[in-house]
Structure formats: structure tokens, C-alpha cells
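Comments concern the structure below.
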Amino acid sequence: MLAQWDTGGFRGGGRIYVPEGTKTAREIPTRSTGTPEWTNPAAFQADVFTFARLRYDTAPRPLIRGRGFRGGWTTDLPDADLNLSYRLQQMTSLKVDPNCRLIRATDPDLANYPFLFAAAPGALTLTPEEVVALRNYLRNGGFMLMTDYWGDEAEAHVDQMFREILPGSHFEELPIEHPLYRCIFEIRQKAQVPNIHVGMKIPGTVIHHRVIFDDKGRIMVIGLLNSDDSDGWEREGENHDYFKNYSEKIAYPLAINIIFYAMTH
């Protein structure tokens, strides 16, 4: 049973401007109800799991006709990153970096972070240099999680991007029988986390957990299509019913399973 954050008013939000030199989520003020703070023993400071978020600066694609742009790399930053990092440390044996990391695909430090998160990948656009860097990262053992992208157009865009990033690869549906769904929490179905402003499952949408395997069967990439799991991390303190129904029951268990499985396989 998780205890819900509840620290007052909230702002939430999608895209924001983050200066180029910003390296951690901790440097960005909360846009929800505040984030937890914690420290690790000195002996573990260099031996921790770090939630790393991919920075992509190209303007997001206009995915909804007549409604402007959708998403961007800063979606749900910083609260999603920091809340999930805390919950990961709270619910597993992992020691977790309390600051998280913001990083470009071409940053030489990327190899130090085996987990990479991409927000709103329906807006993902990379330079040729970033494509090559991300290809090398994934082929050399890196893992990438994506969430908060919706519908056929966003799915097609992500598919096209990964045909460039990982030529010859393809997405396939991860069966619910896969051990990822049982490594920490028992997950029996693929459930949707709606945007908090919607507050309920969006009718007619099917939730997909789409993965790319390498030639040895390791999961390199997983995309949570038609679900806003990072809203479940970001917004946990804003509404008790949303927390109980989506953050606690769906968003956190799935994310923790994904990270734990990826880091141990």
C-alpha cells in the first residue's frame, strides 16, 4: 500500500522550456504537488539506478489537426521522474539517484545510464547524429521506455523513427504471459492510465505494450501506446481517486516491473 503525496495546489503541464545546461530533473521546480527528497548512503552514491530522460529539442509534430502541437520531451517533467524514482527505491531493493538525469542521445555520458525514458514519442524527432547515437546505445545494452502517445498517427511516427534508429527491427506486442509482468508485481492485464483531466478510460482505445527485441531476445525498447503512464507518476498527489485507481494500481506497478526486469535481464 502506497501513501499518497498531498501537498496542496498543483499546476501540472506538458511542454516547458528547459535551458540547455540543465542536467537533472531536480533543477526544475515541481509542476504538480511537490516531489519527495531522499539521500543514499555515501557508499552507494556512485552505484545507483538513475532515471534518465531523453532530450530532443526539435519542435514537436502537429499531430492533432486544428489543436496545435501534441507533447514534447518535457511532458510531465520533473514530477514524473522524481516520483517514480522514489517509488522504485521504496518498493524494491534498488538504490536510486534522487536527482534523475536529462540527456541528449549524443551526450558521451549516455552509456553510463542503461535506462532511458522518452516522453510523448509521437513528437520524437532526432538529428542524423542522434539517430546513430541512439542506435549504438540500444545495440550496446541500453534500454528505452516510451509512454504517452496515442492513436494510429503517433504509432506510425514511432514505427518510422525506429526503422531509422534500428534498421531491420520491428515492434511486436508483448504477451501478458511474459515474465516482465510477474517480476515484482503480478500484472494480469494491460490497463490504461488516462490523462488526469480525462479521469477515465478513453472509449474505443486499445492499450498496447509494444517491444523491440535484439537478436538474443533482450527487450531493447518498450512503448506503452494509448496510455498516459507518466501522468500517473506525475499527478499522484492531485486527486485521491486518480491516485488509487491509476497511479497505485497501474502506472507504478507496471513501470517498476519494466525497470526491474530491464535492469536484471
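The values are calculated or read from the model by the stated rules, or taken from the named source; none is laboratory data. Keep in mind the model is a prediction, meaning the values are calculated, not measured. Please note: Cβ atoms are built from the backbone with ideal geometry, for glycine as well, and neighbour counts cover all protein chains shown. The area values use the complete protein model at the heavy-atom level, side chains included, leaving out ligands, DNA and RNA. Shrake-Rupley method; radii C 1.70, N 1.55, O 1.52, S 1.80 Å.
Highlighted here are the helices (runs of 4 or more DSSP H) found entirely within the range 148-265 that include at least 1 residues which are open to solvent by 40 Å² or more (accessible area, probe 1.4 Å), of a type outside the set (D, E, K, R) and within 16 Å of G71 (Cβ to Cβ): 151-165.
Evaluation of R218 against the conditions (1) at pLDDT below 95; (2) closer than 30 Å to T127 by Cβ; (3) more than 17 Å from the chain's Cα centre (by Cα) shows that the sole unmet condition is (1).
Go through the range 215-226 residue by residue and tally those that are touching a Gly at 6+ places or on another chain (Cβ under 9 Å) and farther than 14 Å from Y261 by Cβ.
Just the residues of the range 215-226 that are touching a Gly at 6+ places or on another chain (Cβ under 9 Å), to begin with: 218, 220, 225-226.
With farther than 14 Å from Y261 by Cβ added as a condition, the list becomes 225-226.
Qualifying residue count for the region: 2.
The sole residue among G34, G72 that is in contact with a Pro (Cβ under 6 Å, 6 or more places away or on another chain), part of a loop (DSSP other than H, G, I, E, B) and modelled with pLDDT of 90 or more is G72.
Residue by residue, here is whether (1) farther than 19 Å from L225 by Cβ; (2) touching a Phe, Trp or Tyr at 6+ places or on another chain (Cβ under 8 Å); (3) at pLDDT 95 or above holds:
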| residue | (1), (2), (3) |
| --- | --- |
| D81 | yes, yes, yes |
| M91 | yes, yes, no |
| D97 | yes, yes, yes |
| M144 | no, yes, yes |
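Candidates P114, P128, P108: the one that is farther than 27 Å from N195 by Cβ, surrounded by fewer than 20 Cβ atoms within 10 Å (Cβ to Cβ) and touching a residue at least 60 places away in the same chain (Cβ under 8 Å) is P114.
Of all the numbered requirements in (1) outside any loop (DSSP other than H, G, I, E, B); (2) modelled with pLDDT of 95 or more; (3) more than 21 Å from I222 (Cα to Cα), R53 misses one, and that requirement is (3).
Is it true that E172 is among the acidic types (D, E) and in contact with a Ser or Thr (Cβ under 6 Å, 6 or more places away or on another chain)? The answer is no for E172. Of note, L77 satisfies the criterion of being under 21 Å from the mean Cα position of the chain (by Cα), at pLDDT 95 or above, part of a loop (DSSP other than H, G, I, E, B) and buried (at least 24 other Cβ atoms within 10 Å of the Cβ).
Within the range 159-173, one or more residues are closer than 30 Å to P108 by Cα and in contact with a Leu (Cβ under 6 Å, 6 or more places away or on another chain). Sub-8 Å Cβ pairs linking a first residue in the range 149-173 that is on the phi > 0 side of the Ramachandran plot and touching a residue at least 60 places away in the same chain (Cβ under 8 Å) to a second residue that is of a type in the set (A, V, I, L, M) and open to solvent by less than 30 Å² (accessible area, probe 1.4 Å), at least 6 apart or interchain, are G151/L63, ordered by first then second residue.
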